[in-house]
Amino acid sequence: MSGESTWIRSAATLTPDGFWEGATVELHGARIAQVWTAGTAPPPAPGARVLELGSQVLLPGFVNAHTHAAMNLLRGFSDDKPLQRWLEEDVYPAEARLRPGDILWGTCAALLEMIRSGITTFVDMYFALDEVAEATRESGVRGVLGRGLVTVGGRGREALAEAAAFHAEADGSADGRITVWLAPHAPYTTTPDFLAEVGEVARRIGTGVHIHLSETAQEVAEAVRAWGVTPFGLMQEVGLDRQPLLAAHAVHLRPDDLERFANWKPGIAHNPISNLKMGCGMAPVARLLALGVPLGLGTDGAASANSLDFFLTMKASLWGARGLSGDPVRPNAEQILEAASLGGARALGMEGLIGSIRPGLAADLIGVSLEGVGLEPLHDRTSTLVYAATAEAVRTVMVDGRLLYRDGQFLTLDKDAILAHATEIARRLVARN
Ligand SMILES: [Zn+2]
């Protein structure tokens with residue numbers, strides 16, 4: 001479809017300058033060519049594709065800045081336990097039963113849910129990346145994929161070498177939709193020496209690092225005890241501030257962390273549902289935004305968050321931040337809607353490709369209906385999108401100009417086959433015998 005032109009008409013288009021009523025977005029192939037204000041678009045060229053979205057509003061696709069997609073298989077099987085016990089008693093034993101092929105189906109199941117929710121880019125940390133990449137390729141979604149690396153069990157170096165080899169093989173594949181990062185799991189499951197090595201490899205191969213950081217108070221206290229610095233401080237000590245860094249969580253920040261962010265702006269993936277449900281706390285969203293730290297939203301995996309509905313993620317982010325601070329004003333709905341797309345793009349350093357609707361960027365677009373029970377009357381689009389809408393409002397999803405979902409129909413993935421396979425696999429994973 002490289003040269004094909006597409007014209008998208010909708011009730012309003014969210015541009016970097018706010019909503020433009022009645023705008024027309026013109027695509028050339030996979031890219032946005034022009035955004036025409038109402039009444040200024042020339043007639044579509046003969047043979048051009050015209051997409052009439054009627055009363056839907058057109059938004060940049062959402063960027064899910066942190067997830068473990070295949071953990072969709074473990075949704076609802078273990079809840080209401082402290083993080084470490086949840087991992088050790090339930091999650092790790094179930095994951096140990098994963099067989100080749102399972103992660104492909106689990107990731108596809110998550111991608112159905114993400115597409116339905118308007119997510120057009122996902123940042124994944126898991127293993128069997130060839131399967132995650134295959135699911136990404138099939139789905140048509142854009143993926144930033146990282147193999148989770150741990151040193152426990154003594155396979156850290158081998159896994160790092162494999163991750164670097166996977167980067168050489170898959171980075172830029174699927175017409176450029178797949179990006180490969182390195183993903184050491186966390187400081188408490190690796191060592192400072194290993195993290196320094198990950199940084200060296202990342203800089204050598206020219207990629208970024210995705211890691212869990214400062215998720216629980218205990219983790220931060222133990223880091224300070226062991227190394228004399230917070231987890232973010234440790235990143236600077238081992239040189240992980242010298243390539244793009246995406247830190248998932250950043251819930252427990254100490255004053256010296258906030259001082260650090262005056263000069264160093266790591267990307268942050270804020271995962272409010274998982275953090276609130278696990279009782280971990282809540283990232284200081286308004287403070288981070290005020291400091292200019294690029295902040296995106298993440299769902300985390302469905303095993304901890306139970307839902308990949310990005311509209312719920314936006315709500316949890318606002319509710320949690322305000323519940324924590326007592327400030328009913330900051331962050332506001334506009335900031336959170338921006339975090340859902342452009343914030344995630346910035347946290348990845350990919351704002352030149354995704355995250356907004358402007359000429360030159362990838363045509364990663366979603367159409368959202370703000371009509372119907374629970375959504376009307378429509379006074380303010382941002383308010384309805386952030387405070388009232390859920391994933392059901394998403395009607396159109398496109399990545400690189402290719403439609404993936406329209407009016408409840410998945411156009412790239414076989415929903416019924418995926419759900420059936422995923423359920424069968426999930427039953428085997430949790431069978432205790
Ligand atoms: Zn995570």
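Taking N as the residue count of the stretch 1-106, its C-alpha radius of gyration divided by 2.2 N^0.38 Å amounts to 1.72. In this simple spin-label approximation, ARG428 and GLU158 carry label points 7 Å from Cα along the Cα→Cβ vector, and these lie 2.3 nm apart.
Seen from a random direction on average, the alpha-carbon convex hull of the stretch 111-177 projects onto 4.6 square nanometres.
What percent does the relative contact order of the stretch 1-83 come to when contacts are Cα pairs within less than 8 Å and at least six residues apart? Could the numbers behind the result be given before it?
Working: 123 pairs, mean separation 25.8, N = 83.
Relative contact order, the stretch 1-83: 31 percent.
Take every DSSP beta bridge whose two residues both sit in the chain, then give the antiparallel share in percent to the nearest 5. DSSP beta bridges in the chain are roughly 45 percent antiparallel.
Build a GNM of the chain with springs between Cα atoms under 10 Å: which of GLU52, GLU376, GLU138 gets the top mean-square fluctuation? Ranking GLU52, GLU376, GLU138 by mean-square fluctuation puts GLU376 first. When +1 charges are put on Lys and Arg Cβ atoms and -1 charges on Asp and Glu Cβ atoms, the dipole computed for the chain relative to its Cα centre reaches about 140 debye. If you take the alpha carbon atoms of the stretch 153-270 and fit the smallest convex hull around them, that volume is 107 Å³ per residue. Ordering CYS280, CYS108 by the number of other Cβ atoms within 10 Å of each residue's own Cβ, fewest first, gives CYS280, CYS108. Highest GNM mean-square fluctuation, the chain, Cα pairs closer than 10 Å: which of SER173, SER317, SER341? Between SER173, SER317, SER341, it is SER173 that shows the largest mean-square fluctuation. Put +1 on the Cβ of every Lys and Arg and -1 on every Asp and Glu Cβ in the stretch 62-347; which of VAL224, LEU318, LEU112 then has its Cα farthest towards the positive end of the dipole? Value: LEU318. Using a ≥ b ≥ c from the Cα gyration tensor of the stretch 69-201 (square roots of the eigenvalues), is it rounded, prolate or oblate, where a/c under 1.5 gives rounded and otherwise the larger of a/b and b/c decides, a/b for prolate? It is oblate, given that a/c is not under 1.5 and a/b is not larger than b/c.
DSSP beta bridges fully contained in the stretch 1-93 are about 70 percent antiparallel. Taking the Cα centre of the stretch 1-141 as origin and assigning +1 to Lys and Arg Cβ atoms and -1 to Asp and Glu Cβ atoms, the resulting dipole is close to 320 debye.
The ranking of TYR188, TYR126 from fewest to most other beta carbons within 10 Å of each one's beta carbon is TYR188, TYR126.
Sorted from fewest to most neighbouring beta carbons within 10 Å, what does the list LEU195, LEU324 look like? Can you show the working numbers first?
Working: LEU195 24, LEU324 16.
Arranged by neighbour count, lowest to highest, LEU195, LEU324 become LEU324, LEU195.
When only alpha carbons are used to place a centre, the stretch 298-347 and the stretch 369-433 end up 18 Å from one another.
When the Kirkwood hydrodynamic radius is evaluated over all pairs of different C-alpha atoms of the stretch 62-347, what value in angstrom, to one decimal, is obtained?
Working: mean 1/r = 0.0537 Å⁻¹.
18.6 Å is the Kirkwood radius here.
Each reported figure results from applying straightforward, stated rules to the coordinates on display, with no laboratory input. Source: prediction; values computed, not measured. Every residue, glycine as well, gets a Cβ built from its backbone with ideal geometry; the counts of neighbours run over all protein chains shown.
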